[in-house]
Amino acid sequence: MGFKRTRASVAILRMNIAIIPARDGSKRIKNKNIKLFCGKPIIAYAINVAIESKIFDRVIVSTNSNQIKNIARESGAEVPSLRPNNLSDDFTTTLDVMSYEVKNLKLKDDDVVCCIYPTTPLLDSSFLKAGLKKLKKDSYCFSACLFHSNPLRGFYIRDKKLHLLNKNFINFRTQDMENVYFDAGQFYFGYAKTFADKKPIFSEDSTLIVLPEINVVDINTQNDWEIAEMKYKILCRR
C-alpha cells in the first residue's frame, strides 16, 4: 500500500513562519515600532494578529534592538538572535532582511513565509488566512488597496507648472478607467526560497488580497499615526 500523507505529516514537512522586521532608529516618528498605540506597543498588534490567525508555526521578530527584542518576547513572539546592524540602516530593503532571516533560520525552500510589517494595528487575521490560501508556488501574495482617486489622471508640479502623469487619460471618464491599486504595506506571503533569492515582489506572477480602505494607513508621520488610531477605534466599535 502506498503512503498516504495526512495533514499532520504535511505540517511536519512544511512550516508556516511569520517574520516581523522591526529595526530601531526610525527618523520621522521616534521609536515608531514600539511607540504606544492605543495603550500598547504598536508591534504587539502585528504579533497578536499573527498568533491569533493560528496559521503560523512560529512568529518571529527580526530586530537589531534589545529593547524591541524584549517587548517582542513579552508580546509572545520569538527573537532567536539580533539582526546585524549593516542590515538595519535606512538603505536596507525588506527583501534584504527577509533573505537574511530565511537563511539564518535555515528554513526549507518550500516553507511558507509571511513578512508582516510591525506598524499594522488595523490588520485582521482573516486577511492573513486569505493571503495564505491565495499564495501560488514560487511567487508572492501581498496586501493591496484600491486608490480612492484614480492616479492615472494625476499630475505633479515642477517649476510652478502642472505636468500630467499620463496625457492619454485627460479626457477619460473615471468610470471608464481601470481600477488601480497600491501596496497596502501590511504583509507579503512567499516561499522561503523566493525570499532567499530576493525575487521581486511586484511581478505579474504575484497575487493580492484587496483590503478595505478602513484597514489601511501607511504610518510615516504623526498625522498618519492619529488617523490610524481613529480608524482603529472605529473598527473596535464594529
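Since every read-out is calculated from the coordinates, none of them should be taken as a lab result. Because the structure is a prediction, the values reported are computed rather than measured. Every residue, glycine among them, receives a Cβ derived from its backbone with ideal geometry; neighbour counts consider all protein chains shown.
Applying 0.36 nm per residue to the separation of Asp183 and Arg14 and subtracting their alpha-carbon distance, the gain on full extension is 58.1 nm. Pairs over the 24 Å Cα-Cα cut-off, from the set Lys108/Lys137; Lys32/Lys193; Lys134/Lys193; Lys129/Lys193; Lys103/Lys199: Lys32/Lys193. Reducing region 36-63 and region 121-145 to their Cα centroids gives an inter-centroid distance of 16 Å. Under 5 Å between amide hydrogens, built in the peptide plane, is the criterion, and for Ser206 it picks out Tyr140 among residues at least 5 positions away or on other chains. What you get for the chain, charging only the Cβ of Lys and Arg (+1) and of Asp and Glu (-1), is a dipole of about 300 debye around the Cα centre.
The simple Förster model, with R0 at 22 Å and r as the Cβ-Cβ distance, assigns Lys27 and Ile227 a FRET efficiency of 0.70. In plain terms, the chain from Arg58 to Asp96 could stretch by 11.6 nm, reckoned as 0.36 nm per residue minus the Cα-Cα distance. Once you list every other residue whose beta carbon is under 12 Å from the beta carbon of Ile71, what net charge do they have if Lys and Arg are +1 and Asp and Glu are -1? The answer is +2. Placing unit charges on each Cβ (+1 for Lys and Arg, -1 for Asp and Glu) gives region 48-186 a dipole about its Cα centre, and among Leu162, Pro84, Ala144 the Cα reaching farthest toward its positive end belongs to Leu162. Ordering Ser99, Ile17, Cys236 by Cα displacement along the dipole of the chain toward the positive end leaves Cys236 in first place; charges were set at the Cβ atoms of Lys, Arg (+1) and Asp, Glu (-1).
Within the listed set Arg58, Arg73, Arg28, the residue fluctuating most in the Gaussian network model of the chain (springs between alpha-carbon atoms under 10 angstrom) is Arg28. For the pair Cys38 and Asn220, the difference between a 0.36 nm per residue extended length and the Cα-Cα distance amounts to 63.8 nm. Rounded to whole numbers, the Karplus 3J(HN,Hα) couplings from phi for region 182-193 are 10, 5, 6, x, 10, 7, 9, 8, x, 8, 3, 5 Hz, using 6.51 cos²θ - 1.76 cosθ + 1.60 with θ = phi - 60°, and x at Gly and Pro.
Working note: Karplus 6.51/-1.76/1.60 with θ = phi - 60° gives region 169-178 the couplings 9, 4, 10, 7, 7, 4, 5, 9, 9, 5 Hz, where Gly and Pro are set to x.
Backbone geometry of region 147-161 corresponds, through the Karplus equation with coefficients 6.51, -1.76 and 1.60 at θ = phi - 60°, to 3J(HN,Hα) couplings of 4, 5, 10, 5, x, 5, 9, x, 8, 10, 10, 9, 6, 6, 10 Hz, x marking Gly and Pro. Taking label positions 7 Å along the Cα-Cβ direction at both Glu213 and Lys134, the computed distance is 1.9 nm, reported to one decimal. By the helix-only formula, in which each DSSP H run with n ≥ 4 contributes -39500 (n - 2.57) and the sum is divided by residues, the chain has a 222 nm mean residue ellipticity of -8500 deg cm²/dmol. Rounded to the nearest 5, what % of DSSP beta bridges with both residues in the chain are antiparallel? Of those bridges, close to 55 percent are antiparallel. Between Asp197 and Asp109, the simple spin-label model (points 7 angstrom out along Cα→Cβ) gives 0.8 nm.
For region 135-174, the Cβ-based charge dipole about the Cα centre amounts to some 160 debye (Lys, Arg positive; Asp, Glu negative; other atoms uncharged).
Once amide H atoms are built 1.01 Å from N in the peptide plane, which residues 5 or more positions from Ser62, or in another chain, come under 5 Å H to H? The list, which skips near neighbours in sequence, is Ile20, Ala22.
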